[in-house]
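My questions will all concern the structure given below.
The values are calculated or read from the model by the stated rules, or taken from the named source; none is laboratory data. Since this is a predicted model, take the numbers as computed values, not measurements. Quick reminder, even Gly has a Cβ in these numbers, built from the backbone with ideal geometry, and neighbours come from all protein chains shown.
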Amino acid sequence: MNRRRLEKMSEEIRREISGILSEQVKDPRLDMVSVTRVDVSNDLGSARIMVSVLGDEQKQEQAMQALEKGRGFIRAELSSRIRLRHVPEISFRLDKSIEHGMKIAAILDELNDRSGHIDKD
């Protein structure tokens, strides 16, 4: 399948799943979850949903369990929102890139503060 079409489908699926999670899924473990990216296979048979979860590892684990438990419902809702002959099988993966970026920013801020103290002496 052409790359542009795959990118469009990925973005549409990302938008719809974000809406489903915020509007229709009532599980409190999913209140701090955001969909960061969707990777679809070339045949549109599967979609890997990358999610970011705010919180510690325990919250992240609980959110991933809730997503796995609600996977069938989320896929059924997705099928009613997008027009495809066959809605892809979905799987959820934890995306730690935002958390990683925040750690790097904190380290850079700390280094900047330290170098600022050295310059002032």
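Is at least one residue of the range 96-117 within 19 Å of Ile13 (Cα to Cα), surrounded by 13 or more Cβ atoms within 10 Å (Cβ to Cβ) and either among the charged types (D, E, K, R) or modelled with pLDDT of 85 or more (or both)?
The initial filter retains those residues of the range 96-117 that are within 19 Å of Ile13 (Cα to Cα), namely none.
No: the range 96-117 contains no residue that is within 19 Å of Ile13 (Cα to Cα), surrounded by 13 or more Cβ atoms within 10 Å (Cβ to Cβ) and either among the charged types (D, E, K, R) or modelled with pLDDT of 85 or more (or both).
Looking only at the range 23-36, filter to residues that are closer than 18 Å to Asp95 by Cα and of a type in the set (D, E, K, R); which one of those is surrounded by the fewest Cβ atoms within 10 Å (Cβ to Cβ)? Before the answer, list the steps.
First pass over the range 23-36, keeping only residues closer than 18 Å to Asp95 by Cα: 29-36.
From what's left, of a type in the set (D, E, K, R): 29, 31.
Numbers: Arg29: 20, Asp31: 15.
If we take residues in the range 23-36 being closer than 18 Å to Asp95 by Cα and of a type in the set (D, E, K, R), then Asp31 is surrounded by the fewest Cβ atoms within 10 Å (Cβ to Cβ).
Rundown of residues vs (1) assigned to a helix (DSSP H, G or I); (2) surrounded by 15 or more Cβ atoms within 10 Å (Cβ to Cβ); (3) in contact with a helix residue (DSSP H, G or I) (Cβ under 7 Å, 6 or more places away or on another chain); (4) among the aromatic types (Phe, Trp, Tyr), yes/no style:
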{"position": "Leu6", "(1), (2), (3), (4)": "yes, yes, no, no"}
{"position": "Ser10", "(1), (2), (3), (4)": "yes, yes, no, no"}
{"position": "Leu21", "(1), (2), (3), (4)": "yes, yes, yes, no"}
{"position": "Val38", "(1), (2), (3), (4)": "no, yes, yes, no"}
{"position": "Met50", "(1), (2), (3), (4)": "no, yes, no, no"}
{"position": "Gly55", "(1), (2), (3), (4)": "no, yes, no, no"}
{"position": "Phe73", "(1), (2), (3), (4)": "yes, no, no, yes"}
{"position": "Leu84", "(1), (2), (3), (4)": "no, no, no, no"}
{"position": "Ile90", "(1), (2), (3), (4)": "no, yes, yes, no"}
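Mind listing just one residue for me: the one in the range 23-36 that is of a type outside the set (Val, Ile, Thr) and in a loop (DSSP other than H, G, I, E, B) and, of those, nearest to the chain's Cα centre (by Cα)? Reasoning before the result, please.
Of the range 23-36, the ones of a type outside the set (Val, Ile, Thr) are 23-24, 26-32, 34.
From what is left, the residues that are in a loop (DSSP other than H, G, I, E, B) are 24, 26-27, 31-32.
Details: Gln24: 17, Lys26: 17, Asp27: 16, Asp31: 13, Met32: 11 Å.
It comes out as Met32.
Same structure, new question: Answer yes if at least one residue in the range 41-50 is among the charged types (D, E, K, R), over 18 Å from Arg83 (Cα atoms), out of contact with any Phe, Trp or Tyr (no Cβ under 9 Å at 6 or more places or on another chain) and modelled with pLDDT of 90 or more, and no otherwise.
Kept after step one, since they are among the charged types (D, E, K, R), are these residues of the range 41-50: 43, 48.
Filter again for over 18 Å from Arg83 (Cα atoms), leaving 48.
From what is left, the residues that are out of contact with any Phe, Trp or Tyr (no Cβ under 9 Å at 6 or more places or on another chain) are none.
The answer is no; no qualifying residue exists.
Pick from the range 57-71 the residues that are surrounded by fewer than 14 Cβ atoms within 10 Å (Cβ to Cβ) and among the charged types (D, E, K, R): which of them is nearest to Ile13 (Cα to Cα)?
Filtering the range 57-71 down to residues surrounded by fewer than 14 Cβ atoms within 10 Å (Cβ to Cβ) leaves 57-58, 65, 68-69.
Then keep just the ones that are among the charged types (D, E, K, R); that gives 57, 68-69.
Working: Glu57: 26, Glu68: 17, Lys69: 19 Å.
Residue satisfying both the conditions and the ranking: Glu68.
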